[in-house]
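Report on the following structure.
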Amino acid sequence: MIPTCDQVQRTAYERWLRRGRVHGQDREDWYAAEKELRFRLNYETIVEYPLVSGQRLVLGDGAVRACRFCERTSGQARFEVPHPVLPGLLGSRAPRTFAICDECQAESREPLEGDFRRFWSGLQADAGVTPASPEPWRRRRGSLAAYKSLVAGALLVLPESELGYVPDALEWVSHPDPESDAGLFAGAACRVYSGDGLGGRSWVSLARRLDDEMPWPYLLYFLGAEGLVVQVHIPLCLRDEDLDGQLLSIPERVFVAGEGPDFRQSDSKVWPLALSLPVGRSAQRDRAIFVRSH
Ligand SMILES: [Zn+2]
């Protein structure tokens, strides 16, 4: 659903009020209102957890524990402790879950920890949250592993009713080699938000597409922490099969915080997660996993 002129006008007007009725930024307000409305009209948040230090929330602690990665249950695999839904450096603030067995955690997620750490510090340096990386070219290495790490976390917080749409994504994240099926992910990218408009909030959430006619991914995952928000889509989703061969575009959001002179909004940029294939070699287009910005 594309926002109507009236809807954009009303939202832009609300931004103007929130800014403290300061003139001269009409165009900026209009574009920001249009972007945020595209997300709000076409997605609904289906799950959201705050990230807090000393997090106590434990997911998937039923009478029978079942691993989403290998499908074994507590009679067939070890579930000694719940594992954090986020990689180690953010894990202490994240909910924990019994939806992954100890073996899958050790074999599929832990090998990606170093890659995620490098990816995260690269994003922070790029956004100016930390001093610039001395090796800007090398910061993108291992990004596909970081993507896998993010998607694994998303699949661990995904409501059970949606699991039937993501068997291929579950299989991909279960494979220990971060480069497995790399050909499917040529040109994949995420969107990274930074700036004071994020309001210092830390959270993870998943949003689901409302209208299957839109050429946008079915599931979007957001991870907000330490002054950044990373937005990725869940690849290989069955609900995206009608988009085969198309370039997926992903709505860009605008986060705001404060009022009057304290009004701030986020900036965002597209960050590559995998290299494009060299010219002359065609990408495998059996899945719609390509991303472009508006
Ligand atoms: Zn398992």
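Laboratory data are not the source of any read-out in this text; all were calculated from the coordinates shown. This one's a predicted model, so the numbers in the text were calculated from it and none came from an experiment. Cβ atoms come from the backbone with ideal geometry, glycine included; neighbour counts cover every protein chain shown.
Assorted remarks:
- Extended-chain gain in nm, criterion 0.36 nm per residue less alpha-carbon gap, Q9 and D26: 5.1 nm
- In this structure, the amide hydrogen of G199, modeled 1.01 Å from its nitrogen in the peptide plane, lies closer than 5 angstrom to no residue at least 5 positions away or on a different chain.
- The range 174-275: trypsin sites (Lys or Arg not before Pro) in DSSP coil with no more than 14 other Cβ atoms inside 10 Å: R201
- Here the label points at I46 and L59, each 7 Å from Cα along the C-beta direction, are separated by 1.2 nm in the simple model.
- Amide H to amide H distances under 5 Å link A66 with no residue, where only residues 5 or more positions off or on other chains count and H is placed in the peptide plane.
- The ranking of I100, I250, I46, I234 from fewest to most other beta carbons within 10 Å of each one's beta carbon is I46, I250, I234, I100.
- Most positive-pole-ward Cα, V204, L228, L163, against dipole of the range 5-292 from beta carbon charges: L228
- Of the residues W172, W16, W120, the one that moves most in a GNM of the chain with alpha-carbon contacts below 10 Å is W16.
- With the helix formula -39500 (n - 2.57) applied to DSSP H stretches of n ≥ 4, the chain reaches a computed 222 nm mean residue ellipticity of -7500 deg cm²/dmol.
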